[in-house]
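A quick write-up on the structure given underneath.
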Amino acid sequence: MPLACHAKGFASLYSDSYRVDAVPIRFPKRSRRNVVRQPSNDGAVAKRSTRVRLRPHADWHKRNFLTSVLIPSLFVKRADRPAAPQFPKVREGEICITWIGHASFLVQTHDVNILIDPIWSKWLKVIKRLKQPGFEIHHLPAIDFVLVTHAHFDHLDRRTLRRVAANQPIVVPMGVGNLVHDLGFHIVHELDYWQTIELGPLKISLTPCHHWGARFLADLHRDFGGFVIASNGRTIFHCGDSAYFPGFKEIGERYNIEVALLPIGAYEAPTGREVHMNPEEAVKAFLELGAETLIPMHYGTFRLGFEPLHEPPQRLLAAARSYGVEEKILVMTEGKPVVL
């Protein structure tokens, strides 16, 4: 099925929810695409910075990422090519979640298909993808909405987004719109922290996280965050990338989160900086969110830290046992849909 079919048929439903008070942002490049930002609330509290410090840890040079991780990864054979997925029929009130790999997910409701941080590329510049995507991109159902949490290459993959784009909306944090506005999306919505936009039957909110969003070294104007997706009384939280920070408690107080997709890998960063949660911190964040189910992500696909690929889920389950919440952990297999 062409990716455009369902998206174009859904246009009337989307147009009913389009925010007429959104402000177009023009770019100098020739483009018929609009990037819109939601108006700020007057008197809103000034946004607190949640950007991590970019200075490497003092002893980061004591381990060599190039020789101990990056070069050996080049000789690792990727897993076998996955079989075509069997997407179930999603009934009203149900949610179907399919982990594609890394931080990429397909979320399906009875009404719509949402794609989050999609990446089918086999390389992040010089970093090799060590696990195939859960299924080939042409097996995707028609996508109604796309969400991208920040501009890093392992989350915003322009090549993948160009193939997915079929004149549907895409939602990104502030400052990220000019990276995707020319890829074939109908409209690009930029959100600030705590802002919500209604897209058809969905309410999409951007939440803070403790990370950074630069595409390049000096590219510090771009925001970053996570998404809360609410539909028919069901709520999914995709954390994006984040180190642990106290803001998870506030997110849990603002939203009644049912399923939390939390990163558990790349915690032994080459720079020594604390830019990602480790599995124990992910369990702590899960408890502070007050969610019902934790689905781990951001591990096992790209070797972005010194830790072995198999370690994050093992440490996650051990930490969950220590808190008595092991039954709330759902470790997914790439390309295997789960209906909740």
(message) With only alpha-carbon pairs counted, each pair once and no self-pairs, how large is the Kirkwood hydrodynamic radius of the stretch 132-258 in angstroms?
(response) 15.2
(request) Please give the length that would be gained between ASN232 and TYR323 if that part of the chain were fully extended, namely 0.36 nm times their separation in residues minus their C-alpha to C-alpha distance (nm, one decimal). (result) 29.7 nm
(request) Just add up the charged neighbours of ARG129: K/R +1, D/E -1, any other residue whose Cβ is under 9 Å from the Cβ of ARG129. (result) +4
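Considering only protein heavy atoms and a 1.4 Å probe, what is the carbon-and-sulfur percentage of the accessible area of the stretch 117-192?
Values: 1060 of 2080 Å².
The computed percentage sits at 51.
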(request) Please report, in cubic angstrom per residue, the volume enclosed by the convex hull of the alpha-carbon atoms of the stretch 181-340. (result) 143
(request) Could you pull the Rg and Dmax for the stretch 124-167, using just the Cα atoms, both in Å? (result) 11.7, 32
(request) Tabulate in residue order the Karplus-calculated ³J(HN,Hα) for the stretch 139-144, using 6.51 cos²θ - 1.76 cosθ + 1.60 with θ = phi - 60°, rounded to whole Hz; enter x for Gly and Pro. (result) 8, 4, x, 4, 9, 8
(request) Return the subset of LYS128/LYS249; LYS77/LYS284; LYS89/LYS203; LYS125/LYS336 for which the Cα-Cα distance in this structure is over 31 Å, preserving the input order. (result) LYS128/LYS249; LYS77/LYS284
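Want the number for LEU220 to GLN314: 0.36 nm per residue separation, take away the alpha-carbon distance, what's left?
Values: separation 94, 0.36 × 94 = 33.84 nm, distance 3.47 nm.
Full extension from LEU220 to GLN314 adds 30.4 nm.
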(request) Could you tally the net charge around SER231, taking each other residue with its Cβ under 12 Å from the Cβ of SER231, Lys/Arg +1 and Asp/Glu -1? (result) -4
(request) Calculate one ³J(HN,Hα) per residue across the stretch 73-78 by plugging θ = phi - 60° into the Karplus curve 6.51 cos²θ - 1.76 cosθ + 1.60, and present them in order as whole Hz with x for glycine and proline. (result) 5, 5, 9, 7, 6, 5
(message) With only alpha-carbon atoms in the gyration tensor, what are the semi-axes of the equivalent ellipsoid for the stretch 145-185, in Å, largest first?
(response) 14, 11, 9
(message) Over the stretch 193-265, what portion of Cα pair distances is larger than 14 Å, expressed as a whole percent?
(response) 61
(message) Through the Karplus equation 6.51 cos²θ - 1.76 cosθ + 1.60, θ set to phi - 60°, convert the phi angles of the stretch 254-267 into ³J(HN,Hα) values in whole Hz; use x for Gly and Pro.
(response) 7, 10, 8, 7, 9, 10, 10, 9, 10, x, 10, x, 6, 7
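The values are calculated or read from the model by the stated rules, or taken from the named source; none is laboratory data. In this text, all values refer to a predicted model and were calculated from it rather than measured experimentally. So basically every Cβ, Gly included, is an ideal-geometry build from the backbone, and we count neighbours across all protein chains shown. To get the accessible areas, we keep the full protein, side chains included, count just its heavy atoms, and leave off ligands, DNA and RNA. Shrake-Rupley method; radii C 1.70, N 1.55, O 1.52, S 1.80 Å.
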